[in-house]
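Asks: Please see the structure below; I have some questions.
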Amino acid sequence: MSRSSDTLPLFELPAVQTLAPQALLLRHYALPYERAILTAIDSVLALAPLRHMRTPRGQPLSAAMSNCGALGWISDAQGYRYSPVDPQTGDAWPGLPEPLLQLARTAADAAGFAAFEPDVCLINRYAVGASMGLHIDRDERDKAAPIVSVSLGLPANFLFGGARRSDAVQRVALQHGDVVVWGGASRLYYHGVARVGTGSHALTGPYRFNLTFRKAA
Ligand code: MD3
Ligand code: FE
């Protein structure tokens, strides 16, 4: 059967890309669940609104954040840490919605990390122009558990370095529905997000959302 080159691309990015040993990009993995995920995010944000946390030095973070799960990541004058309560309301963080939990477990499993049980989902919302500087996620007790990230809405260039701040950085375009599982050595690599470019997404408007599922306790 002949294949029409008007309608089909000659090359497609492979569905699974290895960014580093044990760092797997699952392209569009979350697409079938996009509406369920965004509905779950809305339900969380109704109880724990997005806010710009401040660094210990008092600078507001560029991305607005919230959390769901038994713990949530927070930053204030006291430092970076996980807290069982939302400091803004004094209440426990909203529970991790089942569709999000299932997505995180399934993606981790597909990347070779069986029995991933996250207790945190950090929600980052980037407006156009927002970014995240190079950093390492080191506030979690269990560094052997992977981190699962889900990108939604506007695309962004993800910056992925190495174990040292001076290591070369690769740029990876993360698109709506992309899931990345970060395990092994890559779990402790420097990473960040370049400024989000102008645009509007059909489901999220002028925003990029990123969910990171973590095992913090
Ligand atoms: C690689 N978020 O919340 S997700 C963060 O797009 C964070 O919002 C970015 O970095 C974002 O801490 C990047 C991809 C990601 C998340 C955690 C990682 C990559 C990672 C931890 C270790 C190595
Ligand atoms: Fe990070």
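Asks: Which condition does K215 not pass, out of (1) open to solvent by 20 Å² or more (accessible area, probe 1.4 Å); (2) within 11 Å of ligand 2 (Cβ to nearest atom); (3) more than 14 Å from L25 (Cα to Cα), if it passes all the others?
Replies: The failed condition is (2).
Asks: So, one more: Of the residues D178, D109, which is away from ligand 2 (no atom under 15 Å from the Cβ) and within 11 Å of the chain's Cα centre (by Cα)?
Replies: D178
Asks: If we only count strands (runs of 3 or more DSSP E) wholly inside the range 93-199, which ones have 1 or more residues that are surrounded by fewer than 19 Cβ atoms within 10 Å (Cβ to Cβ)?
Replies: 120-127, 132-135, 156-160, 170-174, 191-193
The values are calculated or read from the model by the stated rules, or taken from the named source; none is laboratory data. Here the structure is a predicted model, which is why all the values come from computation and not from measurement. Cβ coordinates were reconstructed from backbone atoms using ideal geometry, including for glycine residues, and neighbour counts include every protein chain displayed. Note: accessible area is taken over every heavy atom of the protein model, side chains too, but ligands, DNA and RNA are not part of it. Shrake-Rupley method; radii C 1.70, N 1.55, O 1.52, S 1.80 Å.
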